[in-house]
Amino acid sequence: MAKIRVSYEYSEAEDKSIRLGLFLIACGILSLFILGFCWLSPTLQSLQSKPANCTVVSVLRPEEMFECVFTCGADCKGTSLYPCLQIFVNNSESNSVALLHFDEQQLVLNPKSECSS
C-alpha cells in the first residue's frame, strides 16, 4: 500500500503569521545577544582589576566631626560623633596620590567625602 502524500498550502494569513512568529523569535535571540554583550562586557571588564601597592604619603586629622548613626539591636539605636581621618596614599600602578577610602562602596555612596572612614 502506497502512502498518499498530502501537500498543504497555507493561506496568505497563515503564511504571514508564521513569518511574523519566526521574525519575532529571531529578534528575541538577537536582542539577547546584544543586551548580553552590552551588560556583561562592562561587568567583566570591571572585574579585571590589577593589584597595586600603596604607600602612605600623609595622614591628616582635620577638626571636623561627623555624625554616625548606629544600631546595636532591635531596641538599641544611637548617634555619635567620630573624627575625620584623611589618609593619602601613592598608588604604584597609576603613580598618583589619592585619598584612601574604606572600600569602593563607601566611595560610590559618598564620592565627595573628605574622610577615609
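Tabulated values for the structure
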{"read-out": "Length released on extending from K50 to K3, taking residue separation times 0.36 nm less the Cα-Cα span", "value": "10.0 nm"}
{"read-out": "3J(HN,Hα) from dihedral phi, segment 18-35, Karplus parametrisation 6.51/-1.76/1.60, rounded to Hz, x for glycine, proline", "value": "5, 4, 4, x, 5, 5, 5, 5, 5, 5, x, 5, 4, 5, 4, 5, 5, 5"}
{"read-out": "Sites L20 and T43 - FRET efficiency at Förster radius 30 Å, r taken between beta-carbons, to 0.05", "value": "0.30"}
{"read-out": "Chain lengthening between C76 and E63 when straightened (0.36 nm per residue, less Cα-Cα)", "value": "1.8 nm"}
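Values in this text are rule-based calculations from the coordinates and carry no lab data. None of these values were measured; they are calculated from a predicted model. When we count neighbours, we look across all protein chains shown, and the Cβ atoms used for this are built from the backbone with ideal geometry, even at glycine.
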